[in-house]
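Below you'll find the structure, written out as structure tokens, and then a few comments.
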Amino acid sequence: MQTSKINVFLSLVIFCFICGCKNSEHQQAEKPQQPIEKWKKGSVFNADSAYKYIAKQVGFGPRVPNTQNHKNCGNWLVKKLENFGFKTTEQIGEVVAFNSEKLPLRNIIGKINPNSKDRVLLCAHWDTRPFADRDSININQPIMGANDGASGVGVLLEIARIVHLDSLEIGLDIIFFDVEDYGAPSYNSNFVDLNSMNDTWCLGSQYWCYNLDKEYLKPKFGILLDMVGGEDAVFPKEEISRQYSGYHLNKIWKLASYLGYGEYFKKKIAPPLTDDHTYINKLAQIPTLDIIHYDVSPFTNRFDFGRFHHTHQDNLDIIHKPTLKAVGQTLLTYLYNI
Ligand code: AHN
Ligand code: ZN
């Protein structure tokens with residue numbers, strides 16, 4: 001009697017054990033596989049080269065619209081794109097600034113595989129701000145714009161150099177927008193009119209959007225770079241980018257973290273920002289995301305775009321090659337994986 005009870009008990013234990021094993025095997029089989037990242041490696045982005053392109057632009061001095069420095073830098077940019085084998089054109093126009101000043105406008109446009117319908121747009125602004133309204137000294141002097149202006153253009157020039165060497169199958173439009181940073185200064189605005197002042201920014205991209213050629217082969221999507229060279233750069237998922245270009249935004253942020261750049265490409269969400277992509281999305285209807293330095297941490301509220309933003313600290317000293325590498329390598333890898 002005792003032995004049979006023990007036997008029943010043991011059989012039960014063994015039965016449960018087998019069931020348990022089977023069950024866990026079953027669970028394992030059901031468990032979704034971790035997605036395997038299948039990114040083609042692509043070419044190597046050279047941050048030293050991008051840095052040199054930034055230094056070259058800064059060497060022209062502040063690139064304020066309607067000045068000789070601005071003209072000289074524009075001429076250099078056109079030549080650079082041409083030398084990299086881009087079919088290069090300039091959109092010349094005139095815009096009216098917040099203070100009623102008339103400004104000449106020069107958007108610089110370069111194309112690779114100009115007849116391909118499968119195109120991507122990469123863009124950045126090349127002008128710099130005429131004043132330092134977030135500084136405490138010399139607020140009426142123009143800033144150097146090493147980060148705010150030169151950094152995005154420098155990264156794109158390096159990408160242009162590489163796609164020229166390692167031919168790209170898709171079509172590519174690179175646009176350097178003018179008169180982005182002539183927006184009404186913050187000390188000019190009170191709380192009520194700040195919003196209505198938003199359209200005083202990005203005059204070059206607005207002009208481009210309002211004057212699109214009917215024949216223009218619209219890129220499938222676009223990527224804007226703005227202030228991509230600071231040491232402490234953080235790139236959150238900005239709200240307009242999320243709304244209009246969420247698919248590519250999430251893929252690019254995933255790729256960045258796969259490549260080891262997750263410290264820059266944060267999963268945090270930033271509020272909608274007025275930048276060139278705002279108009280490209282809303283007016284030109286090309287889904288475009290913004291890789292922009294914007295710190296959403298509540299402790300740095302005053303310095304949301306970085307502590308050097310619109311100050312005289314925005315010079316070559318704050319340009320950090322590892323940040324350029326993170327942005328450039330991510331973009332380049334993405335281009336060869338579309
Ligand atoms: C505003 O401050 C409204 N937008 C930021 C756009 C900008 C200025 N990007 C660089 N400088
Ligand atoms: Zn700016």
Check: If you find the alpha carbon centre of segment 87-110 and of segment 117-164, how far apart are they in angstrom?
Finding: 15
Check: If we count every other residue with Cβ under 15 angstrom of Lys267's Cβ, Lys/Arg +1 and Asp/Glu -1, where does the sum land?
Finding: +2
Item checked: For segment 82-88, 3J(HN,Hα) per residue [Karplus equation, 6.51 cos²θ - 1.76 cosθ + 1.60, θ = phi - 60°, Hz, x = Gly/Pro] -> 4, 5, 8, x, 7, 6, 10
Check: For Val64, which sequence-distant residues (separation of 5 or more, or a different chain) have an amide H within less than 5 Å of its own amide H, given hydrogens modelled in the peptide plane?
Finding: His70, Thr128
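Is the C-alpha gyration tensor of segment 164-274 telling us rounded, prolate or oblate? Criteria: a/c under 1.5 is rounded; beyond that, a/b larger than b/c is prolate, otherwise oblate.
It is oblate, given that a/c is not under 1.5 and a/b is not larger than b/c.
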Next item on the list: Starting from the Cα of Lys220, draw a straight line to each of the lysines and keep only those under 16 Å, dropping any in the same chain fewer than 8 residues away.
Entry: Lys111, Lys117, Lys251, Lys282
Next item on the list: Work from the charge dipole of segment 195-254 (Cβ charges, +1 for Lys and Arg, -1 for Asp and Glu, about the Cα centre) and give the residue of Val234, Tyr247, Gly222 farthest towards its positive end.
Entry: Tyr247
Next item on the list: Within 10 Å, count the other beta carbons around each residue, average over each peptide in 227-235, 103-111, and list them highest first.
Entry: 227-235, 103-111
Check: What translational D, rounded to a whole number of µm²/s, comes out for segment 280-338 from Stokes-Einstein when the hydrodynamic radius is the Kirkwood one over Cα pairs, at 25 °C and 0.890 mPa s?
Finding: 173
Next item on the list: For Leu283 and Ser116, compute 0.36 nm times the residue count separating them, minus their Cα-Cα distance, and round to one decimal in nm.
Entry: 57.9 nm
Next item on the list: Would you work out if segment 83-222 is rounded, prolate or oblate? Take a ≥ b ≥ c from the square roots of the eigenvalues of the alpha-carbon gyration tensor; rounded if a/c is under 1.5, else prolate when a/b is larger than b/c, oblate otherwise.
Entry: prolate
Check: Around Tyr279, what is the net charge, scoring Lys/Arg as +1 and Asp/Glu as -1 over all other residues with Cβ under 13 Å from its Cβ?
Finding: -4
Margin query: Here is the link list: Lys87/Lys218; Lys56/Lys268; Lys52/Lys80; Lys41/Lys80; Lys56/Lys254. Which ones come out longer than 23 Å on Cα distance?
Written below: Lys56/Lys268; Lys41/Lys80; Lys56/Lys254
Margin query: Please list, in order along segment 279-287, the HN-Hα scalar couplings obtained from phi with the Karplus expression 6.51 cos²θ - 1.76 cosθ + 1.60 (θ = phi - 60°), rounded to whole Hz, x for Gly and Pro.
Written below: 6, 4, 6, 7, 9, 8, 6, 10, x
Next item on the list: Go through segment 127-143 residue by residue and turn each phi into a ³J(HN,Hα) via Karplus (6.51, -1.76, 1.60, θ = phi - 60°); whole Hz please, and just put x for glycine and proline.
Entry: 7, 10, 6, x, 8, 10, 5, 9, 8, 9, 10, 6, 5, 8, 8, x, 8
Checklist line | Under 5 Å, built H, 5+ apart or other chain: amide partners of Lys266 | finding: Phe235
Check: What residues have an amide H closer than 5 Å to that of Asp118, excluding those fewer than 5 places away on the same chain, when H is modeled at 1.01 Å from N in the peptide plane?
Finding: Gly171
Checklist line | Neighbourhood net charge (15 Å Cβ-Cβ; Lys/Arg +1, Asp/Glu -1) for Leu335 | finding: +2
Next item on the list: Would you kindly state how much longer the chain becomes between Glu90 and Asn315 on full extension, computed as 0.36 nm times their sequence separation minus their alpha carbon distance, in nm to one decimal?
Entry: 78.3 nm
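A short reminder: the numbers here are calculations on the coordinates, not readings from a lab. This is a predicted model, so every value here is computed, not measured. Heads up, the Cβs are rebuilt from the backbone with ideal geometry, glycines too, and the neighbour counts pull from every protein chain shown.
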